Amino acid sequence: MGCGRVGTGLAKELEAAGHSVAIIDQNREAFRRLGPDFQGRTIAGVGFDRDILLEAGIERAGAFAAVSNGDNSNILAARVARESYNVSNVVARIYDPERAEIYQRLGIPTVATVLWTTDQIMRRLAPEGSRSEWRDASGTIELCEVALHKGWFGRPITQIEEAANIRVALITRLGEGLIPHSHTVLQEGDLVHVTLSEDRRAAVDALLLSAPEGE
């Protein structure tokens, strides 16, 4: 739902990956963004209207993304898709960070656009401490990008995991994602993403911003 820049990009990528796609927007003119090569279905209407959703094939849908420019419309459409039609993979884009967190804890996956953008910019302006990138529905487990003391670079990721009792989920190195293994050695410039318990963030930050023991 939503044929803006994000919706258009999603529709094209999903179709290129071999999925069948239907896209809903109130404005028929928005479908021009899809270009002449788009083979999916376009439905003009309100994305949380059940008749419109049925026309789009919601009963057969494996996933539903609500990415219009309205928070209320997105969350309502996501709830209808999840609760009325049992779509297994549902996500809603939410501009209001506080509202996004509430719905996340209710079990409706959200992408908080403003919060994500702010976090990413702050990470580059002031790379100190961890920045949450994802939180599970209970709010207890987080995926965070962490800042490291320079002394950790040149060491295997297992030293960080053992010292801080965390799991290194992935590394962004030279602009590309890397799934690490036990022999992966941290390099200067790596962006390190870890999973941890929310109540341990402060302790983990303190440890990783300090030099490793013995240095």
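Within the range 45-72, the set of residues being more than 18 Å from Ile108 (Cβ to Cβ), surrounded by fewer than 16 Cβ atoms within 10 Å (Cβ to Cβ) and among the aliphatic types (A, V, I, L, M) comprises just one member, Leu54.
Here is a yes/no grid of residues against (1) part of a helix (DSSP H, G or I); (2) hydroxyl-bearing (Ser, Thr, Tyr):
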site	(1), (2)
Glu133	no, no
Ser138	no, yes
Glu142	no, no
Glu162	yes, no
Ile171	no, no
His183	no, no
Glu188	no, no
His193	no, no
Pro212	no, no
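Touching a helix residue (DSSP H, G or I) at 6+ places or on another chain (Cβ under 7 Å), of a type in the set (Phe, Trp, Tyr) and more than 14 Å from Leu10 (Cβ to Cβ) - does that describe any residue in the range 63-81? So far as the range 63-81 goes, no, none of its residues is touching a helix residue (DSSP H, G or I) at 6+ places or on another chain (Cβ under 7 Å), of a type in the set (Phe, Trp, Tyr) and more than 14 Å from Leu10 (Cβ to Cβ). Every condition in (1) at pLDDT 95 or above; (2) closer than 16 Å to Asn89 by Cα; (3) of a type in the set (S, T, N, Q) holds for Thr42 except the one numbered (2). The one condition from (1) assigned by TED's automatic domain parsing to the domain that holds Ser132; (2) charged (D, E, K, R); (3) in contact (Cβ under 8 Å) with a residue 12 or more places away in the chain that Glu162 does not meet is (3).
When the range 79-104 is limited to residues that are closer than 16 Å to Gly57 by Cα and among the small types (Gly, Ala, Ser), the one that is surrounded by the fewest Cβ atoms within 10 Å (Cβ to Cβ) turns out to be Ser88.
Okay, residues lined up against (1) assigned to a loop (DSSP other than H, G, I, E, B); (2) at pLDDT below 95:
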{"site": "Val6", "(1), (2)": "no, yes"}
{"site": "Phe48", "(1), (2)": "yes, yes"}
{"site": "Ile52", "(1), (2)": "no, no"}
{"site": "Ser68", "(1), (2)": "yes, yes"}
{"site": "Asn72", "(1), (2)": "no, yes"}
{"site": "Ala78", "(1), (2)": "no, yes"}
{"site": "Asn86", "(1), (2)": "yes, yes"}
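The one condition from (1) on the phi < 0 side of the Ramachandran plot; (2) assigned to a loop (DSSP other than H, G, I, E, B); (3) surrounded by 18 or more Cβ atoms within 10 Å (Cβ to Cβ) that Gly2 does not meet is (1).
The values are calculated or read from the model by the stated rules, or taken from the named source; none is laboratory data. For clarity, every value in this text was computed on a predicted model and none was experimentally measured. So basically every Cβ, Gly included, is an ideal-geometry build from the backbone, and we count neighbours across all protein chains shown.
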